[in-house]
Structures are given as C-alpha cells and as structure tokens.
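A.B. asks: Can you keep this structure in mind? I'll have questions shortly.
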Amino acid sequence: MPRALRRSLPHAALLGYLLVVLFPFLFVLFSSVKKDNNSIALNPFGIPKEFVFNNYVEAWVNAKISTYFFNSLYISVFASVVSIMLAGMFAFAVTRMRHGRWNILLYSFVLVGMLIPNNALMLPIYTIVRKLHILNTHWALIVPYIANAIPFTVIILAAFMRSLPSEIEEAAVMDGLKAPGIFAKIIVPLTVPAMVTVFIVNFLGNWNEFLLANYFLSNDELRTLPVGMVQFRDQYQMNYAQMSAGIVYSVLPVVIIYAILQEKIIEGVTAGSVKG
C-alpha cells in the first residue's frame with residue numbers, strides 16, 4: 001500500500017465518522033425551515049425548496065421556547081459555576097494542603113458519589129427537596145445539579161492541581177499570601193483550562209437533564225427546555241417543523257460555547273498527562 005494512501009486512511013475514516021454524526025443534525029436543520037409536516041414527509045432528507053424561517057419565530061414566541069430556553073440557560077450556568085467553585089475549594093484543600101489521612105478519607109468519601117446511579121437517588125432527592133420546601137421552584141433543580149456534579153468536578157480539578165509545581169506556592173508564601181490568597185490568585189488562574197472543561201461537561205449534563213425537571217416542576221413558566229420540547233404535542237397533531245426549530249435552539253448554546261472555549265477544553269483534557 002502506498003505511503004500516501006496509508007496516511008490518508010485515518011483522515012478518511014474520521015471524515016466518514018463526521019458525516020455520520022452530522023447527518024441527523026442536518027436533517028433537523030433542513031426540517032426546521034420546511035413549510036409543514038407534509039413537506040418533511042415528501043422530502044425528509046433533501047434541501048427544502050422553500051425556506052420558511054418563520055418556524056423559528058413561531059417556536060420562540062408561540063411555543064414558549066424563549067421561556068424554556070432562558071430557564072435552562074440560567075439554571076445550567078448557575079449550577080455549573082457554583083459546583084466548580086465548591087469543588088475547586090475542596091480539591092485545593094485535599095491536594096495542596098496538608099491534613100494527613102483526612103485528605104485521603106475526604107477525597108474517597110466524595111468519590112463514592114460517582115458509584116451511585118442518579119436514578120437510584122430519585123426518591124431521596126425528592127424527599128429532601130420537599131422537606132426544604134423548594135419543590136416546584138428552580139432551586140429544586142439547582143441544588144441536585146450542584147450535588148451531582150461535585151464528585152466528577154473534584155476528580156478533574158484535583159488531578160490538575162496535583163500536577164502544579166509546589167515551588168509556586170512556596171514563592172507565594174514567601175510573598176505573604178495565606179491559603180485563601182494562594183487559591184484565588186495562584187491556583188484558580190492556573191486551573192482555568194480544567195475548570196472550562198468541567199464547566200462544559202456539567203453544563204451539558206444540566207442542559208439536557210429531563211427526569212428531575214419533569215417531576216420537580218409543575219408550573220409551565222418554570223419548565224426547562226428538554227421538558228418544554230415535549231409540550232409541542234397538542235391534541236390533534238405535532239408540528240415537526242417547529243419542533244425541529246426548537247431542537248436547533250437547544251443545540252445552539254452548546255455549539256457557541258464549544259466554539260469559543262475549544263482551546264481551553266483541549267488544554268483541560270490534556271492537562272496533567274505530562275509531569276515535569
């Protein structure tokens with residue numbers, strides 16, 4: 001086999017994989033600008049003959065996608081940021097501060113949260129939320145989202161912080177910084193790539209979460225986008241063109257965030273893999 005052909009095979013395989021991944025999204029994208037269900041049924045995978053961008057307006061206004069969208073956005077961002085703040089402080093304490101065996105015990109205790117499936121915690125979470133009197137409020141989602149994200153976030157941030165040289169902290173101590181100052185002025189700026197990575201992962205999990213949002217929120221104005229998408233179905237029919245427009249709205253923030261932060265994401269994924 002020629003060397004040039006052998007080197008091009010991985011690229012061809014990746015290109016084929018990319019087409020397979022993008023094909024469903026292209027189907028949704030084309031369907032979102034078609035006239036009605038009949039146009040989608042007659043030409044399901046083709047480019048529409050007439051582009052109807054009014055589907056996006058109808059979905060945004062009449063189907064209340066705007067309400068669901070902003071509910072999901074602020075809940076996902078707020079829960080992701082708070083989980084990173086809490087997990088970052090905990091990871092700093094167990095990796096950069098000397099507490100003997102307590103570091104190992106506390107770290108192991110947090111990792112237990114990774115072993116329990118979220119679905120198995122549905123009833124305990126509901127009981128806690130009801131006793132806190134936050135059922136049918138956005139706090140009923142924010143608090144569980146933060147708690148569920150902390151174990152994974154601690155693992156990533158702790159692995160990153162362990163790779164940082166101790167000489168940086170020694171120099172900061174010589175300059176008179178205490179533990180809070182070292183964390184805020186030294187560790188946090190150096191840990192930004194890892195924080196961006198876990199932010200994306202946590203944001204995606206919160207943005208796409210359906211089970212808790214479906215059972216803990218009953219008021220329509222409080223619903224998130226995944227639950228709101230189900231409301232497209234009415235008594236007589238389903239408007240697939242508007243539903244496709246709603247799906248595009250649900251994908252758009254993730255694409256924008258990844259496009260802006262892709263360099264930080266790659267840095268965070270590869271961080272800690274090489275020491276020295």
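A.B. asks: Of the conditions (1) modelled with pLDDT of 85 or more; (2) surrounded by fewer than 22 Cβ atoms within 10 Å (Cβ to Cβ); (3) not small (Gly, Ala, Ser), Val198 satisfies every one except a single condition; which number is it?
C.D. replies: Checking Val198 against (1) modelled with pLDDT of 85 or more; (2) surrounded by fewer than 22 Cβ atoms within 10 Å (Cβ to Cβ); (3) not small (Gly, Ala, Ser), the one that fails is (2).
A.B. asks: Looking at the range 48-62 only, could you name the residues that are surrounded by fewer than 12 Cβ atoms within 10 Å (Cβ to Cβ) and modelled with pLDDT under 85?
C.D. replies: Residues satisfying the conditions are Lys49, Glu50, Val61, Asn62.
A.B. asks: Moving to a separate point now. Search the range 202-215 for residues that are farther than 21 Å from Leu86 by Cα and pair each with any residue that is outside any helix (DSSP H, G or I) when their beta-carbon atoms are under 6 Å apart and the residues are at least 6 apart or on different chains.
C.D. replies: Note: pairs meeting the criteria are Ala213/Thr224.
A.B. asks: Taking the range 244-276 on its own, how many of its residues are at pLDDT 80 or above and open to solvent by 50 Å² or more (accessible area, probe 1.4 Å)?
C.D. replies: Looking only at that region, the number is 4.
A.B. asks: To continue, here is another question. Which of the numbered conditions does Phe92 fail, given that it passes all the others? Conditions: (1) more than 30 Å from Thr191 (Cβ to Cβ); (2) under 27 Å from the mean Cα position of the chain (by Cα); (3) open to solvent by less than 60 Å² (accessible area, probe 1.4 Å).
C.D. replies: Looking at each condition in turn, Phe92 falls short on (1).
A.B. asks: Go through (1) modelled with pLDDT of 85 or more; (2) among the hydroxyl-bearing types (Ser, Thr, Tyr); (3) surrounded by fewer than 20 Cβ atoms within 10 Å (Cβ to Cβ) one by one and return the number of the condition Tyr236 breaks.
C.D. replies: (1) is the only condition that Tyr236 fails.
A.B. asks: How many residues does the range 126-165 contain that are in a helix (DSSP H, G or I), over 23 Å from Phe199 (Cα atoms) and touching a residue at least 40 places away in the same chain (Cβ under 8 Å)?
C.D. replies: Our first condition is that a residue be in a helix (DSSP H, G or I); within the range 126-165, this holds for 126-131, 139-162.
Then drop every residue that is not over 23 Å from Phe199 (Cα atoms), which leaves 126-131.
Filter again for touching a residue at least 40 places away in the same chain (Cβ under 8 Å), leaving 126, 129.
Count: 2.
A.B. asks: Out of the residues in the range 105-134 that are open to solvent by 100 Å² or more (accessible area, probe 1.4 Å) and within 24 Å of Val94 (Cβ to Cβ), state the one that is farthest from the chain's Cα centre (by Cα).
C.D. replies: Among those residues, the one meeting the criterion is Leu105.
A.B. asks: Does Thr137 meet the test of being loosely packed, with under 14 Cβ neighbours inside 10 Å, modelled with pLDDT of 85 or more and polar (S, T, N, Q)?
C.D. replies: Details: loosely packed, with under 14 Cβ neighbours inside 10 Å: no; modelled with pLDDT of 85 or more: yes; polar (S, T, N, Q): yes.
No.
A.B. asks: Okay, next question. Would you be able to say whether some residue in the range 63-80 is loosely packed, with under 15 Cβ neighbours inside 10 Å and over 26 Å from the mean Cα position of the chain (by Cα)? Spell out how you get there, then give the answer.
C.D. replies: Here is the first cut: in the range 63-80, the ones loosely packed, with under 15 Cβ neighbours inside 10 Å are 66, 70, 74.
If we keep only those that are over 26 Å from the mean Cα position of the chain (by Cα) as well, we get none.
No, the range 63-80 has no match at all.
A.B. asks: Can you tell me which residue in the range 171-188 is modelled with the lowest pLDDT, limited to those that are open to solvent by 60 Å² or more (accessible area, probe 1.4 Å) and not in a helix (DSSP H, G or I)?
C.D. replies: Across the range 171-188, the extreme among qualifying residues is Asp175.
A.B. asks: (1) within 30 Å of Ala213 (Cα to Cα); (2) at pLDDT 80 or above; (3) surrounded by 12 or more Cβ atoms within 10 Å (Cβ to Cβ): which one isn't true of Leu164, the others all being true?
C.D. replies: (1)
A.B. asks: Determine, yes or no, whether Met85 is open to solvent by 70 Å² or more (accessible area, probe 1.4 Å) and touching a Phe, Trp or Tyr at 6+ places or on another chain (Cβ under 8 Å). Write out each step before concluding.
C.D. replies: Numbers: open to solvent by 70 Å² or more (accessible area, probe 1.4 Å): yes; touching a Phe, Trp or Tyr at 6+ places or on another chain (Cβ under 8 Å): no.
For Met85, the condition - open to solvent by 70 Å² or more (accessible area, probe 1.4 Å) and touching a Phe, Trp or Tyr at 6+ places or on another chain (Cβ under 8 Å) - is not met.
A.B. asks: Which pairs have Cβ atoms under 8 Å, sit 6 or more apart or on different chains, and link a residue in the range 24-47 that is surrounded by fewer than 18 Cβ atoms within 10 Å (Cβ to Cβ) and charged (D, E, K, R) to one that is at pLDDT 80 or above and assigned to a loop (DSSP other than H, G, I, E, B)?
C.D. replies: Lys35/Pro48; Lys35/Glu50; Lys35/Val52
The values are calculated or read from the model by the stated rules, or taken from the named source; none is laboratory data. Everything quoted here is computed from the prediction, not taken from an experiment. No Cβ is skipped: glycine too gets one built from the backbone with ideal geometry, and neighbour counts run over all protein chains shown. Heavy atoms of the whole protein, side chains included, go into the accessibility calculation; ligands, DNA and RNA do not. Shrake-Rupley method; radii C 1.70, N 1.55, O 1.52, S 1.80 Å.
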